[in-house]
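Notes follow the structure.
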Amino acid sequence: MNTISYVLLRLAVAASMFGHGLVRMPKLNGFSAWMTGSFEKSMLPKAMVVPFSYMLPFAELIIGAFLLLGLFTRVSLITGGFVMILLVFGSAMIENWDAIPSQLIHVAFFAVLLHFIQYNGYAVDRLVSLGS
């Protein structure tokens, strides 16, 4: 893997995360209501689902923005992977099996990017010696 391949992969997963967060921000209350409704019959208590439903779009937006810039890349990749693992677990709790493959693909992107982080050449991290 070289630096151009790396930046293409980083930007692809960054665009996905940033886009997910961006489109949810203007309708944050509606998104939270939808997610909370989706989990009504799950084992997860509403007291856990509601805060997560409000934090998720912010996490997606921030992780996506940092990855677009290549800023705090290592921490952003680890955090992004963790967020996706939580989403996989949540999807399993509501038996939304169709969502899990996409979430696992995101986890794979985060893991591959983390493994090959030495190729993160086109990044703000390289300019300020952070996160790589």
### Message
If I ask for residues that are free of Cβ contacts under 8 Å to residues at least 60 places away in the same chain and assigned to a loop (DSSP other than H, G, I, E, B), which ones from the stretch 117-131 would you list?
### Response
SER129, LEU130
### Query
For ALA14, are the conditions met, namely being surrounded by 16 or more Cβ atoms within 10 Å (Cβ to Cβ), closer than 30 Å to VAL128 by Cα and either among the acidic types (Asp, Glu) or touching a Leu at 6+ places or on another chain (Cβ under 6 Å) (or both)?
yes
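Conditions (1) of a type in the set (D, E, K, R); (2) within 18 Å of ALA92 (Cβ to Cβ); (3) out of contact with any strand residue (DSSP E or B) (no Cβ under 9 Å at 6 or more places or on another chain), marked per residue:
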site: THR3; (1), (2), (3): no, no, yes
site: ARG10; (1), (2), (3): yes, no, yes
site: SER32; (1), (2), (3): no, no, yes
site: THR36; (1), (2), (3): no, yes, yes
site: LEU44; (1), (2), (3): no, yes, yes
site: ALA47; (1), (2), (3): no, no, yes
site: TYR54; (1), (2), (3): no, no, yes
site: ALA59; (1), (2), (3): no, no, yes
site: ILE63; (1), (2), (3): no, no, yes
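To keep it simple, each residue is scored yes or no on (1) within 18 Å of the chain's Cα centre (by Cα); (2) over 11 Å from THR73 (Cα atoms); (3) loosely packed, with under 13 Cβ neighbours inside 10 Å.
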position: PHE89; (1), (2), (3): yes, yes, yes
position: MET93; (1), (2), (3): no, yes, no
position: HIS106; (1), (2), (3): yes, yes, no
position: VAL112; (1), (2), (3): yes, yes, no
position: HIS115; (1), (2), (3): yes, yes, yes
position: TYR119; (1), (2), (3): no, yes, no
position: LEU127; (1), (2), (3): no, yes, yes
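Values quoted throughout were computed directly from the atomic coordinates according to the rules given, and no laboratory measurement underlies them. All of these numbers come straight from a predicted model, not from anything done at the bench. Every residue, glycine as well, gets a Cβ built from its backbone with ideal geometry; the counts of neighbours run over all protein chains shown.
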